[in-house]
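Values in this text are rule-based calculations from the coordinates and carry no lab data. Remember, it's a predicted structure, so these values are computed and weren't measured experimentally. Note: ideal-geometry Cβ built from the backbone for every residue, glycine included; neighbour counts use all protein chains shown.
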Amino acid sequence: MSEPLPTVAAFTDSYLPTVNGVTYTVSTWHDRWQSRGGEMPIVYPRADYDSGPSEYAARSLPFPFYDGYRMALPTTPDEVLNGDVDVVHAHTPFGLGLAGLRFASKHDHPFVASYHTPTAEYASYVVPDAATGLVRSASERWERWFLDHADLVLTPSERTRDHVWDLGVDAPVEPLPNGVDVEQFRPTDPTEFLARHDLDGDRPLVGYTGRHGYEKCLPDLLAAADGLDATVVFGGDGPAREELEAEARERDVDVRFLGFLDREELAAFYSALDAFAFPSPVETEGLVALEANACGTPVAGVNAGALAETIDDGETGYHYERGDVDGFRDAIERTLDERDRLTENCLARRDAISVERAIDQLEELYRGLL
């Protein structure tokens with residue numbers, strides 16, 4: 001009989017109903033862990049969300065600088081505080097991450113911290129440009145302090161592990177890809193999706209979905225597509241969308257903004273695309289690129305951050321150098337020209353990028369701490 005899975009208390013300042021890579025990863029790991037017979041209670045900021053089994057809301061306040069996010073007070077709900085826990089895992093370094101650290105320290109539990117997002121990259125959202133450098137420096141000092149209290153730091157890519165080392169973190173650091181739900185993200189007939197969004201044209205489709213943040217450099221995609229014989233499709237939403245739409249009107253680009261897409265629609269979205277375009281230089285993994293690959297869609301992306309690693313150049317897509325618009329256009333065109341071959345490579349790697357493989361590795365790491 002196999003040994004029972006450890007009970008892992010997960011703390012996160014970003015969770016449903018907000019949709020992003022962190023919330024997707026935490027919720028998917030929770031579901032997979034529970035399906036294997038383990039317990040993974042999640043502590044998250046109270047919001048307009050009907051909690052499910054083993055999800056516990058902590059008191060929170062609206063985050064004034066970013067619509068949809070909430071600031072949680074560093075508290076641990078009694079259901080978790082009084083439960084049997086083997087490992088504490090924090091997915092963010094703020095209020096609830098700090099609550100997780102305190103809980104682990106008080107009860108002498110192993111403490112794991114995931115580094116999903118470089119908080120310094122978001123300094124421009126909360127302060128004027130003149131103070132961005134100071135906030136960035138303070139953010140990095142806080143990250144280093146927080147991560148150094150962990151028994152193990154997990155990063156979703158080797159590039160992000162190197163960044164954590166560059167911060168001066170002394171705690172052990174292991175790269176662990178978050179993994180893709182390959183049952184959900186698989187080649188899908190996009191006919192109904194295309195018809196619903198009036199995308200039944202004969203031109204190739206090049207697209208992006210995700211948060212429309214300034215740090216994602218999405219205008220680079222418009223610049224690269226200017227004059228390209230393709231239709232550009234944006235899924236998702238965010239603070240940069242209004243300016244992005246304004247710029248699209250100034251360029252010779254056929255652009256469609258679809259807005260927020262339910263996760264149930266994403267497999268059809270990716271399958272409809274001939275190429276996924278990803279100009280964001282700040283990714284710690286680039287999960288949407290891997291989701292696209294799992295659906296058989298290759299990626300043209302920037303050779304920066306984790307995308308330098310996530311995209312296998314010439315195998316699952318093509319890179320371009322940051323700021324090189326002509327290079328971005330060339331990468332898109334080459335991806336379109338070689339789509340059939342690249343698609344075969346993407347589909348051959350579905351098992352390697354699956355969330356099931358990630359959970360296998362996660363279990364091994366947890367057990368190693370015990």
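Bridge orientation summary for the chain: considering DSSP beta bridges with both residues in this region, about 5 percent are antiparallel. Relative to its Kirkwood radius, the Cα radius of gyration of region 191-352 gives an Rg/Rh of 0.92.
Sort 333-341, 134-142, 202-210 for me by packing, meaning the mean count of neighbouring Cβ atoms within 10 Å per residue, highest on top.
Going by the mean number of other Cβ atoms within 10 Å, highest first, we get 202-210, 333-341, 134-142.
The ranking of His149, His107 from fewest to most other beta carbons within 10 Å of each one's beta carbon is His107, His149. The label point for Ala223 and the one for Asp254, both projected 7 Å from the Cα toward the Cβ, are 2.4 nm apart.
Residues Glu363, Glu192 in ascending order of nearby Cβ atoms (within 10 Å, fewest first): Glu192, Glu363. Here region 308-370 and region 27-84 have alpha carbon centers that stand 30 Å from each other.
Within region 235-295, all pairs of alpha-carbon atoms sorted by distance into 10 Å bins from zero give the percentages 17, 48, 33, 2. Size of the chain: Rg and Dmax of its alpha carbons, in Å, are 20.6, 65. Computed from the C-beta positions of Lys106 and Tyr214, the FRET efficiency with R₀ = 35 Å rounds to 0.35.
Approximating the spin labels as points 7 Å out from Cα along Cα→Cβ, the Tyr69-to-Ala195 distance works out to 4.1 nm. Once both labels are positioned 7 Å from their Cα atoms along Cα-to-Cβ, the gap between Ala57 and Asp148 label points is 3.7 nm.
How far is helix 339-348 tilted, in degrees, relative to the longest principal axis of the Cα atoms in the chain, given as a value from 0 to 90 rounded to the nearest 10? Rounded to the nearest ten degrees, it is 20. On the beta carbon distance between Asp360 and Glu183, with R0 = 25 Å, the FRET formula returns roughly 0.95. Mean-square fluctuations from a GNM of the chain, with a 10 angstrom spring cutoff on Cα atoms, peak among Asp86, Asp78, Asp274 at Asp78.
Couplings 3J(HN,Hα) for region 43-51, derived from phi with the Karplus relation 6.51 cos²θ - 1.76 cosθ + 1.60 (θ = phi - 60°), are 9, 9, x, 4, 8, 6, 8, 7, 5 Hz, where x marks Gly and Pro. Taking amide H as placed 1.01 Å from N in the peptide plane, the amide H of Ala58 sits under 5 Å from that of Tyr44, Arg46, each at least 5 places away or on another chain. Derived scalar couplings between HN and Hα for region 136-149 equal 4, 5, 5, 4, 5, 5, 5, 4, 4, 4, 5, 5, 5, 8 Hz in order, rounded to whole Hz, by the Karplus curve 6.51 cos²θ - 1.76 cosθ + 1.60 (θ = phi - 60°), x for Gly and Pro.
Rounded, prolate or oblate: which fits region 321-370 when a ≥ b ≥ c are the square roots of the eigenvalues of the alpha-carbon gyration tensor, with rounded for a/c under 1.5 and prolate only if a/b beats b/c?
Since a/c reaches 1.5 but b/c is at least a/b, the shape of region 321-370 is classed as oblate.
By how many nm would the segment from Asp340 to Ser137 lengthen if fully extended, with 0.36 nm per residue of separation less the alpha-carbon distance? That works out to 68.6 nm of additional length. Size descriptor for region 51-107, Kirkwood hydrodynamic radius: 12.3 Å (Cα pairs only, one decimal).
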